[in-house]
Amino acid sequence: MLDVLHAVAARSPSARARHAGASDLAVRRARDYLREHASRNVSLSELAEVAEVSETALVRAFRRRSRVAPHGYHLGVRAGDAATCTGFHDRSNLHGHVSDAGSAR
């Protein structure tokens, strides 16, 4: 009987809202950490520990919120930093110059 009550409670809108809030917080923590540590490799286990969730839960929440896995997000942060450090306004500006140089061959 107790199992049934727990199952019903887990399906309630307030329980889902609490879970979504926890997922948002985990993704926010992970994003902040990836931006702070853009210059080095960050393992998924390290990131999950910082976000205080399991690796699987982090990847699922990250994809749901960001439409990209944590690794892809980290690469994007690094590319943006590289563009800025080399004097370009942003990644698209850098990409345009690299594309133009490749087509000039």
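Please go through segment 57-97 and pick out each residue that is modelled with pLDDT under 70 and of a type in the set (Ser, Thr, Tyr).
Across segment 57-97, the qualifying residues are Thr84, Thr86, Ser92.
Quick check: anything in segment 43-61 under 12 Å from the mean Cα position of the chain (by Cα) and of a type in the set (Lys, Arg)?
Yes.
For segment 39-55, give me each residue that is of a type in the set (Ser, Thr, Tyr) and part of a helix (DSSP H, G or I).
Listed by number, the list holds a single entry, Ser45.
Across segment 25-38, what is the number of residues that are surrounded by 15 or more Cβ atoms within 10 Å (Cβ to Cβ) and either touching a residue at least 40 places away in the same chain (Cβ under 8 Å) or in a helix (DSSP H, G or I) (or both)?
Residues in segment 25-38 being surrounded by 15 or more Cβ atoms within 10 Å (Cβ to Cβ) and either touching a residue at least 40 places away in the same chain (Cβ under 8 Å) or in a helix (DSSP H, G or I) (or both): 8 in total.
The values are calculated or read from the model by the stated rules, or taken from the named source; none is laboratory data. Here the structure is a predicted model, which means the values were calculated and not measured. Here the Cβ is made from the backbone with ideal geometry for all residues, glycine too, and neighbour counts use every protein chain on show.
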